[in-house]
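What follows draws every value from the coordinates through simple rules; no lab data is involved. Being a predicted model, the structure only gives us computed values, none of them experimental. Using ideal geometry, Cβ is built from the backbone for each residue, glycine included, and neighbour counts are taken over all protein chains shown.
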Amino acid sequence: MIIVESFSAARALHSGLVGLVPTMGFLHEGHLSLAREARRDTDTVVMSLFVNPLQFGAGEDLSAYPRDRERDAALAESVGVDVLFAPPLDEMYPEPPATEVGVPALSESLEGVFRPGHFTGVATVVAKLFAGLRPDRAYFGRKDAQQLAVIRRLAADLSFPVFIVGCPIVREPDGLALSSRNVFLSADDREAATAISRGLMDAADAVEAGERSARALESLVASAIGDSPHIQLDYVALADSRNVLLLSDLDRPAFLAVAATVGTTRLIDNVHFDPVGDTFVADRGTRIERSSVLYREEKP
Ligand code: AMP
C-alpha cells in the first residue's frame, strides 16, 4: 500500500478498474467492509482519509473528531487497500472553496433539520473526490442512508461516470452500529445505546410480520428507547430510500431512520426495507463476532 497526499500522485497509481472508499478515518469494521467489497470488485482500491471541515457545523466535534493515521494505515493495508489518499487541508482546499455542491431536495429532512449545511459539505467533498480521483466505483455505507441518497443523486445529476455501491451496516455483537464516534460513549451510555438498534430490529420484525404503518414502526423504536435518562431522541422517521421524502406507509424501498444523542454523543442508525415480490425484506446489516468498541471509562 502506498500513502499519497495529492490527487495527481493517487491518479498516477491507478490501473484497471478503480474503486474508491471515502472515509474520515479512525477506521473500524464498517469502513473495512467497504474496502473488502471494493477489493472484490476492482483492480485498484483507493481509500481516502480526510476529516472534512465543510461538513461539521458550528459547535460540532471537528477538533475532537478521533484521528489515528498510523493505525488507519495498518488497518487499510490489512484489507488490501492499494492507495491511501490522505490529503492535507491545503491539497483538498488550496483556497476556501467558492463553489459548493448541494442537493437541497434531499438534504432538508431528517439530518438536514439538525445539521444545516452538513450535506452540502459532504456533497462538495465527494464531488471533489470524484473529480480528482476519477473512480469507476465508489463504496458508501447504508449506515448513512440519507448521505447515500444524496451521493447517488449528485453522481447522476452531475454525470460523474461512477457506479455508487451501497453496503450493509456493520454492527457490534449486541447490535450497536459501528461508528468512529462510539469511542466517546461512557460505559453506561454504551449500554443504553443498544436500545436504538433493538428498536430498529423490533420494527424489522414487525415489517416482516406485515406491518406497513410508519407511525406504528416509529413508535416501536421510540418505545424501545423509552425514557432512558441517557438517550435523547432527535427523530425516528420512515423515508423513501431514493428521495428521502417522509412516508406514512411502507409502500416502496425505504429506510426507518433514527438519530439520538446518547450522553453527549450523537448517533444515527437505520434499517432499510426492500420490496421482494409481495412483501418487504429488512436489511438488518451484519454483526461482527467480537466486540470492537473502545469506550471511555466513566471517571469516578
Ligand atoms: P465516515 O468515516 O464516518 O465518514 O464513514 C465513511 C464511510 O463508512 C461512509 O460511507 C459510512 O456510511 C461508512 N460506514 C460508517 N460506519 C459504518 C458501519 N457501521 N457499517 C457500514 N458502513 C459504515
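At a glance:
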{"quantity": "Residue selected from region 252-291 under the condition in contact (Cβ under 8 Å) with a residue 24 or more places away in the chain and surrounded by fewer than 13 Cβ atoms within 10 Å (Cβ to Cβ), by the criterion nearest to A192 (Cα to Cα)", "calculated": "T264"}
{"quantity": "Cross-chain or 6+ apart pairs with Cβ under 8 Å, region 124-143 first and under 20 Å from R242 (Cα atoms), then acidic (D, E) and within 15 Å of the ligand (Cβ to nearest atom)", "calculated": "Y139/E37; R142/D283; K143/D269"}
{"quantity": "Hits in region 1-24 - residues which are under 15 Å from S78 (Cβ atoms) and within 9 Å of the ligand (Cβ to nearest atom)", "calculated": "V21, T23"}
{"quantity": "Filter result for the condition that a residue is of a type in the set (G, A, S), in contact (Cβ under 8 Å) with a residue 12 or more places away in the chain and touching a Phe, Trp or Tyr at 6+ places or on another chain (Cβ under 9 Å), over G226, G175, G166, G199", "calculated": "G166"}
{"quantity": "Residue within region 262-273 that is assigned to a loop (DSSP other than H, G, I, E, B) and within 30 Å of R153 (Cβ to Cβ) present", "calculated": "no"}
{"quantity": "Boolean, G121 is crowded, with 17+ Cβ neighbours inside 10 Å and within 13 Å of the ligand (Cβ to nearest atom)", "calculated": "yes"}
{"quantity": "Hey, V221 touching a residue at least 12 places away in the same chain (Cβ under 8 Å), surrounded by 20 or more Cβ atoms within 10 Å (Cβ to Cβ) and under 26 Å from T120 (Cα atoms) or not", "calculated": "no"}
{"quantity": "Single condition A105 does not satisfy, out of (1) within 16 Å of the ligand (Cβ to nearest atom); (2) assigned to a helix (DSSP H, G or I)", "calculated": "(1)"}
{"quantity": "Hits in region 29-46 - residues which are within 11 Å of the ligand (Cβ to nearest atom) and among the acidic types (D, E)", "calculated": "E29, E37"}
{"quantity": "Count of residues meeting criterion [crowded, with 22+ Cβ neighbours inside 10 Å and within 22 Å of N182 (Cα to Cα)] in region 104-118", "calculated": "2"}
{"quantity": "Condition check for L84: in contact with a Leu (Cβ under 8 Å, 6 or more places away or on another chain) and either outside any loop (DSSP other than H, G, I, E, B) or without any contact (Cβ under 8 Å) to a residue 40 or more places away in the chain (or both)", "calculated": "yes"}
